[in-house]
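The next block holds one structure in the form of structure tokens; read it before the comments.
What follows is calculated from the coordinates using simple rules that are stated; it is not laboratory data. None of these values were measured; they are calculated from a predicted model.
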């Protein structure tokens, strides 16, 4: 039950953040994209913000819509959080403000949230039984079981 609630909360967080990347806070997120990211990816800030927003919406939706892929989706969400972490570090080091991160203290505190998000994604992606993407009730019937 707790894992299910956590999974849905994470999904809502991701979808909401993704939609905000695509709509009202898009400009604020563009400001926070480091110059090195645009050079490395050979694109502009807006494209990076749009793609990350689409990825967030997709991952959030997949976390609750694809129960058989839950473990993989949780790992993909964790990888996404790791991938954007250098941008969080850059934002803190350069003092660039973004929505909700408009002070040095908030930007610094945000760095410590990232490992929590990674752990949350991995934990939420585990099945109810703790193994695989689905709980025992969701597994295919007729699967081979060890005999005694």
Checklist outcome for this item: Using alpha carbon centers only, segment 28-56 is separated from segment 84-105 by a whole-angstrom value of 14 Å
Checklist entry - Top mean-square fluctuation among 72, 42, 30, Gaussian network model of the chain, C-alpha springs under 10 Å? => result 42
Checklist entry - If you average the sequence gap of Cα pairs under 8 Å that are 6 or more apart and divide by the length of segment 27-111, what percent do you get for the contact order? => result 33 percent
Checklist outcome for this item: Normalised per residue, the volume inside the convex hull of the alpha-carbon atoms of segment 2-127 in Å³ amounts to 95 Å³
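To the nearest 500 deg cm²/dmol, what mean residue ellipticity at 222 nm is calculated for the chain from DSSP H runs of n ≥ 4 alone, each contributing -39,500 (n - 2.57), summed and divided by the residues?
Values: 6 runs with 103 residues, N = 148.
Using -39500 (n - 2.57) per qualifying helix, the result is -23500 deg cm²/dmol.
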